[in-house]
Amino acid sequence: MSDSAATVAQPPTEFPSPTTDVVFADGVWSLTNSPAVVKYYLARFDPSFAGDGRVQVNAVVQVVMPIDGFVNMFAFFEAQLRDLINRGFVSEERLEQARAVLRQVKT
């Protein structure tokens, strides 16, 4: 292999292409793992077409990644969340509410 073939391709511009896929999710629905891989579903709450107030949780996409990638993602999100708290977009109280819900689910 030549040296030039081993280089990492650089993006052509500073911004994503207008054709870059966008996925909206209200949250993560479930997660499972093997010793090497983590899999989880992003999900959203979809209203019924009848407009009667009913909603259904639907999986949007499954994300599959190596455990090391998942750990790195967690550390990245942890740093981003700390920044959101520091800038006032999220309160410590809101974060504790989310943690309390998860503690209830896990017991």
Kindly list the residues of the stretch 81-107 that lie in the label zone of residue 73, defined by a backbone N under 16 Å from the point 7 Å along the Cα-to-C-beta vector.
-> 81
Proxy exposure order for 103, 82 (fewest C-beta within 10 Å first) is 103, 82
Most fluctuating residue given options 92, 14, 78, as computed from a GNM of the chain linking Cα atoms under 10 Å | 14
Among all stretches of the chain without exposed chymotrypsin sites (Phe, Trp or Tyr not before Pro) (DSSP loop, at most 10 other Cβ atoms within 10 Å), which one is longest?
-> 50-88
When the Karplus curve 6.51 cos²θ - 1.76 cosθ + 1.60 is applied with θ = phi - 60°, which whole-Hz ³J(HN,Hα) does each residue of the stretch 28-35 get, with x for Gly and Pro?
-> 9, 8, 7, 8, 9, 8, 10, x
For the chain, go through all pairs of different Cα atoms, get the mean of 1/r, take its inverse, and jot down that Kirkwood value in Å.
-> 17.8
Rounded to the nearest 500, what is the chain's calculated 222 nm mean residue ellipticity when only DSSP H runs of at least 4 contribute -39500 (n - 2.57) each, over all residues?
-> -11000 deg cm²/dmol
Top mean-square fluctuation among 59, 36, 50, Gaussian network model of the chain, C-alpha springs under 10 Å?
-> 50
Computed over the chain, the relative contact order (Cα-Cα under 8 Å, seq sep at least six) in percent reads 16
So for R0 = 35 Å, FRET eff. of residue 84-residue 36 from the Cβ-Cβ r, to 0.05, ends up at 0.65
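All of the numbers you see were taken from the coordinates with simple rules; none came from a lab. Everything numeric here is computed off the predicted structure, so don't read it as measured data. Positions of Cβ are generated from backbone atoms using ideal geometry, with glycine treated the same way; all protein chains shown enter the neighbour counts.
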